[in-house]
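A.B. asks: One structure, pasted below without further comment.
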Amino acid sequence: MLFDDLNHCIRSVTKFTMKMCTILLVLLGLSAHLVIGGQPFGPAGESRQGNDYPECRGTMQSPIPLSAFTARPGYESQPLELTNYQMDPRQVTVTNDGKLAIYRFEFPGDANVTIQGGPLRNIFQFDSLHFHWGATSERGSEHVIDSYGRRRRYSMEMHLVFFNQQYDSFETAAPLENGLAVLGIFLSNSTTEPDYGWIPALNEVQTAGTTYTLPDPTVFNIKKLIGARRRPYFSYNGSLTTPPCYESVNWLVQRNYLPISEDQLNVFRSLRKENGEPLVDNYRNLQPVNDRPIFLYR
C-alpha cells in the first residue's frame, strides 16, 4: 500500500502531495530499517553493517581466506605462548547473547591468562572465548583455508579474545591500534565424540540473553582443550568480525583443527536468537585481503 501511494506522489506535484511524499518516504525508510536491521550479524545482515558502523567498510577487515602456498614465512624471535591457561578455573559462565555463545572464566588467586611472543609486540590478557558455527557441518568457521584449488570452511571456529595488557579492559583496548589479539581455532565435524564437558551447559542458555554458571568449572580447562602446541599458525592484521568491526586485531589462526561431533554441534544449533529463530550461521562473509601481508609460522 505504501508503495502504491508513493507512485501516486511521483505523478503529482501539488504541495499537499509533495508533503505526503515526504511522510511516505520516511515511513518506507523506517520500514526498511526494521526489516534489514533485524539481522545485524552474520551473512544475512552484512549489507547494513557498513551504514551503521563505518569501520565495517575499512580496508583491514576480517575474516579472510588463508593459504599456506601464498603466505609469507613467519619467524619467531620468541615462541608464541600462553601462560596460566593450564590452571583449572574457579568459575566458568556461559552466555547466549543472541549472536554468540560466550564463555568467561575466573581463575584462582585472580590469575590472568596471557599470550605473548610470535608476532605480538605486547603481552595480551585473556578476556573471553566464543564460537561461530553453521546450520550444517559444511560451514560455520569464519576464516577458510585455500589448498590445491579447494576452499575449506570448517564446521566451527573458536575465538580466544585477548586485550593489550597496557590497557585496563577489552572495552578500552578494542578501538585502539594493536589493542587486541584473537587466537582462532577451527573445529571439524568428527565421527567420534570428544569429552567436552562444557558443552551441555549450553542447554541452560537456549534463550537469548541468558547466562549460566557451570556447576563444575574444571570441565573447561583451556589447555586440555587446545593443547600446548601453537604452530603452525597464520598471522595477519585485521578486525573484529562483528560490529563495530574495529581494525585493531592481531589475528593468530591455527592451521590444525580440533574434533567435534555432530551431536555436540547440534547443541550449539539449539540456541535461539532474540527473535526466537535458531542461532546458526553466525559467521561473517570473507573480506578483501587488500594486499595485507599474511604470515605462516611453521
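The values are calculated or read from the model by the stated rules, or taken from the named source; none is laboratory data. Everything quoted here is computed from the prediction, not taken from an experiment. So basically every Cβ, Gly included, is an ideal-geometry build from the backbone, and we count neighbours across all protein chains shown. These area figures cover heavy atoms from the full protein model, side chains too; ligands, DNA and RNA do not enter into them. Shrake-Rupley method; radii C 1.70, N 1.55, O 1.52, S 1.80 Å.
A.B. asks: Can you tell me which residue in region 48-74 is surrounded by the most Cβ atoms within 10 Å (Cβ to Cβ), limited to those that are out of contact with any Cys (no Cβ under 6 Å at 6 or more places or on another chain) and without any contact (Cβ under 8 Å) to a residue 60 or more places away in the chain?
C.D. replies: 48
A.B. asks: While we're looking at this one, here's another question. Report yes if some residue within region 31-39 is open to solvent by 70 Å² or more (accessible area, probe 1.4 Å) and either modelled with pLDDT of 55 or more or not in a helix (DSSP H, G or I) (or both); otherwise report no.
C.D. replies: Looking through region 31-39, none of the residues is open to solvent by 70 Å² or more (accessible area, probe 1.4 Å) and either modelled with pLDDT of 55 or more or not in a helix (DSSP H, G or I) (or both).
A.B. asks: Within region 158-172, which residues are among the aromatic types (Phe, Trp, Tyr) and either open to solvent by 70 Å² or more (accessible area, probe 1.4 Å) or in a strand (DSSP E or B) (or both)?
C.D. replies: The answer is 162, 163.
A.B. asks: If you don't mind, another one. Which numbered condition in (1) at pLDDT below 95; (2) on the phi > 0 side of the Ramachandran plot is the only one that residue 151 fails?
C.D. replies: (2)
A.B. asks: Residue check: is residue 121 at negative phi, among the charged types (D, E, K, R) and in contact (Cβ under 8 Å) with a residue 40 or more places away in the chain?
C.D. replies: So residue 121 passes the test.
A.B. asks: I'd like to check which strands (runs of 3 or more DSSP E) are fully inside region 195-298 and have at least 2 residues that are farther than 27 Å from residue 179 by Cβ and in contact with a strand residue (DSSP E or B) (Cβ under 8 Å, 6 or more places away or on another chain).
C.D. replies: By residue number, 210-213, 249-261.
A.B. asks: Right, next: Answer yes or no as to whether residue 104 is part of a loop (DSSP other than H, G, I, E, B) and either over 18 Å from residue 240 (Cβ atoms) or free of Cβ contacts under 8 Å to residues at least 60 places away in the same chain (or both).
C.D. replies: Answer is no for this residue.
A.B. asks: Could you tell me which residue of region 275-295 is nearest to residue 71 (Cα to Cα), considering only residues that are of a type in the set (S, T, N, Q) and surrounded by fewer than 20 Cβ atoms within 10 Å (Cβ to Cβ)?
C.D. replies: Step by step, filter region 275-295, then rank; the result is 290.
A.B. asks: For the condition open to solvent by 30 Å² or more (accessible area, probe 1.4 Å), within 19 Å of the chain's Cα centre (by Cα) and within 21 Å of residue 78 (Cβ to Cβ), what is the one hit in 255, 272, 298?
C.D. replies: So the residue among 255, 272, 298 that is open to solvent by 30 Å² or more (accessible area, probe 1.4 Å), within 19 Å of the chain's Cα centre (by Cα) and within 21 Å of residue 78 (Cβ to Cβ) is 255.
A.B. asks: Could you say which residue among 125, 86 is under 29 Å from residue 204 (Cβ atoms), modelled with pLDDT of 95 or more and in a strand (DSSP E or B)?
C.D. replies: None of the other options fit; the residue is 125.
A.B. asks: Does residue 210 satisfy the criteria of being β-branched (Val, Ile, Thr), open to solvent by less than 70 Å² (accessible area, probe 1.4 Å) and farther than 20 Å from residue 241 by Cα?
C.D. replies: Judged against the criteria, residue 210 is a match.
A.B. asks: Turning to a different aspect of this structure: From the residues in region 150-199 that are in contact with a helix residue (DSSP H, G or I) (Cβ under 7 Å, 6 or more places away or on another chain) and of a type outside the set (A, V, I, L, M, F, W, C), which one is nearest to residue 277 (Cα to Cα)?
C.D. replies: By that ranking, first place goes to 155.
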